[in-house]
1. Of everything in segment B:53-97 that's touching a His at 6+ places or on another chain (Cβ under 6 Å) and over 15 Å from A:Gly46 (Cβ atoms), which residue is nearest to the other protein chains (Cβ to nearest Cβ)?
2. Return the pairs, sorted by first residue and then second, in which the second residue is buried (at least 18 other Cβ atoms within 10 Å of the Cβ), the first residue lies in segment A:102-129 and is aromatic (Phe, Trp, Tyr), the beta carbons are less than 6 Å apart, and the residues are 6+ apart or on different chains.
3. Looking at A:Trp119 and the list (1) at the interface with another protein chain (Cβ under 8 Å from one of its Cβ atoms); (2) part of a loop (DSSP other than H, G, I, E, B), which single condition is not satisfied?
4. Just the residues that are free of Cβ contacts under 8 Å to residues at least 40 places away in the same chain, basic (Lys, Arg) and more than 21 Å from A:Gln115 (Cβ to Cβ), please, taken from segment B:32-77.
5. Would you confirm whether or not segment A:304-314 contains a residue that is away from chain B (no Cβ under 14 Å), surrounded by 24 or more Cβ atoms within 10 Å (Cβ to Cβ) and part of a strand (DSSP E or B)?
6. Go through segment B:246-259 residue by residue and tally those that are within 13 Å of chain A (Cβ to nearest Cβ) and crowded, with 23+ Cβ neighbours inside 10 Å.
7. Please count how many residues of segment B:265-312 are among the hydrophobic types (A, V, I, L, M, F, W, C) and in contact with a Gly (Cβ under 6 Å, 6 or more places away or on another chain).
8. Can you say whether B:Glu281 is among the charged types (D, E, K, R), assigned to a helix (DSSP H, G or I) and buried (at least 23 other Cβ atoms within 10 Å of the Cβ), as far as the supplied structure shows?
2 protein chains.
Amino acid sequence: MKKVAVVGYGNTKFTKDELPIESLLLESTKQVFDTTKNLSQDLIDGVIVSTNDNSKYLGAILSELSGIKPKISHTVEHLCSSGSSAVISGFSYIASGLADTVLVTGADKIGNPGQILEWDKSRGEYNHPIYWASMFTKAHKRQFSTTDEELAIVSAKNHKQAMDNPNAYSHKPYTISEIMNSKNVTEDLRILDCSYSCSGSSSILLTSEENTKRFTDEPIWISGIGQKTNSASFTKNELTTLSSTVTAANNAYKMAKITPQEIDIAEIHDAFSVCELMAVEDLSLTEKNTGATYVRNLFNTEDRKINPRGGLIGAGHPLGATGIAQIVEITQQLQNKAKNRQVSNAKKGLTHNMSAAATSSTVLVLES
Amino acid sequence: MKKVAVVGYGNTKFTKDELPIESLLLESTKQVFDTTKNLSQDLIDGVIVSTNDNSKYLGAILSELSGIKPKISHTVEHLCSSGSSAVISGFSYIASGLADTVLVTGADKIGNPGQILEWDKSRGEYNHPIYWASMFTKAHKRQFSTTDEELAIVSAKNHKQAMDNPNAYSHKPYTISEIMNSKNVTEDLRILDCSYSCSGSSSILLTSEENTKRFTDEPIWISGIGQKTNSASFTKNELTTLSSTVTAANNAYKMAKITPQEIDIAEIHDAFSVCELMAVEDLSLTEKNTGATYVRNLFNTEDRKINPRGGLIGAGHPLGATGIAQIVEITQQLQNKAKNRQVSNAKKGLTHNMSAAATSSTVLVLES
């Protein structure tokens, strides 16, 4: 398999503004051109868009707006993890030899579909993510004696870390007490435990090993890929483990030939506070039933290892962009360009994304 | 690059029935299981859906409905050529080594979006395909003295060929005179020159070379791939050549190391009669300005080389399914299993798909 690297990136601010999807896509794409050495339109032979927007033909529209005439263009959708799925498609086009250089751009705008799975509604199932998040939270409390304070620490940490992310949706710090006393949206979920759907776009440029030098002296390699879809339906007999994440992580570590202990920094899908506690365990970054202690320790020592850009809770969650924004952050960290967010000496990073109560998950390992 | 083969397929009838998108996807998928030797759910590690439907997470939904727990699942959209784009993604996952066996299932239901590009509307452009088709037709008549009879022959041939396709939308033969006298939808376009949006689904199963024997004794290899996106907007200064098709075809022939003269059978995107006349030229199956004569000769000799299943005009055009249905037909032809539609001694086949006035095109070469 050919090696594939991230060699450029762009990000818009994540906001509540109702911007046209085309403008969002174009803005982060323009940043890729503005910041990537020697990049010109004719060097890009694939344009893959990830979004939950209902607009069609956005791969061709973004190509036209940005002056690219690629071979490959299309849109990828897979709910919350659309961006990660699109990146792996870009990887596979290059790894197979069908393309040399692929732009992957994700975007969603506030109010877009994708947050609610209409299929659930058609079957009489609870259709808003707060329902599965509430069940996860209640089950986690029961099984591991997790406290409201431990849940609030996730949100406090990620809101605090988002303060140093100029593109984050939230730029307000919250105390643990403020989070614990924020409005209850269900019996077990406070409003400040939830990520926000918002408008935003993120892009990365992927290329093959032989092309990296043209664009950067600091390529970041995608060395591990793991994906798993268990179902589309939330399974109520498994409420304290993200089993698709376990499978995806194991496959990603295996492909990268590393152990979880070697991960220096991770972007994790914290759609709700409880998700981060579960994910750090299911990614084997800490042992089962130690997630809350692990995150509390990071918070107390101001260690930004998990969700340095603020996670979905702090940075916001424009669905199609999220998986790509995670990769942009890890790329900046591994290039030692993350400014106030920088984790020292980060060499190996991970991104974790999931959709619909972790019925599917994607894990990527990146290395400098 | 690893070799990739088509080793299974399924098709629903193409109808005007308003069926749920999930049911359509499941029906053609079920056929793949019913007709592919030794296929079980655990052998499939990728499920890619192609559609213009606004439903989300269909890759996971189809996986759950069909009992598959794949690594990879997502939806691909690229208007009319969504199906072809999804197949090439499936190819790239296998060719790169990220997957062994991928199910690619496309579907759309009557009335789905995708036929009209809303982006055109937002810019004040004519937004229905009949407008570009009318301009193509008028320009073709002017430049090549193409007659209404020559255009009608395309439709007569494809409606006739669809009579032997049990899944076709149309099962009614039309005389050239009936077509020429059918209702004018614009000055240059008769209703019987148009393909119909309809409900339908098609699936193929792709696998790597080492796995083919498990599933079939007659693998059909995807030996050539060509794709090109020139823009999203219809370009009025190029009305008699499908230039994205020219580029895609040349790349596909080059990858397959064959000449156009070696093609025995072709599935061509005849959304409107004029498209087939242009495509047979731009795919280099005949010389420029000889398309009408070429098609007339096929019609007169009852040669089914072009659009044996009836093309989009006869078989119908459920957008997300079309590119896959084309591959199913070529696979059956190259396996000598096309029954009444069989072209004798077909060894090398081609599929041609395009979107939005051929602003993008995809060409695949298949070989037995």
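The values are calculated or read from the model by the stated rules, or taken from the named source; none is laboratory data. This structure is a prediction, so every number in the text was calculated from the model and none was measured. Cβ sites come from the backbone with ideal geometry, for glycine too, and all protein chains shown count toward neighbours.
1. Only one residue fits best here, namely B:His74.
2. Partner pairs satisfying both residue conditions: A:Trp119/B:Ile61.
3. With (1) at the interface with another protein chain (Cβ under 8 Å from one of its Cβ atoms); (2) part of a loop (DSSP other than H, G, I, E, B) applied to A:Trp119, the lone miss is (2).
4. Within segment B:32-77, B:Lys69, B:Lys71 qualify.
5. yes
6. The total comes to 3.
7. Residues flagged as among the hydrophobic types (A, V, I, L, M, F, W, C) and in contact with a Gly (Cβ under 6 Å, 6 or more places away or on another chain) within segment B:265-312 amount to 3.
8. For B:Glu281, the condition - among the charged types (D, E, K, R), assigned to a helix (DSSP H, G or I) and buried (at least 23 other Cβ atoms within 10 Å of the Cβ) - is met.
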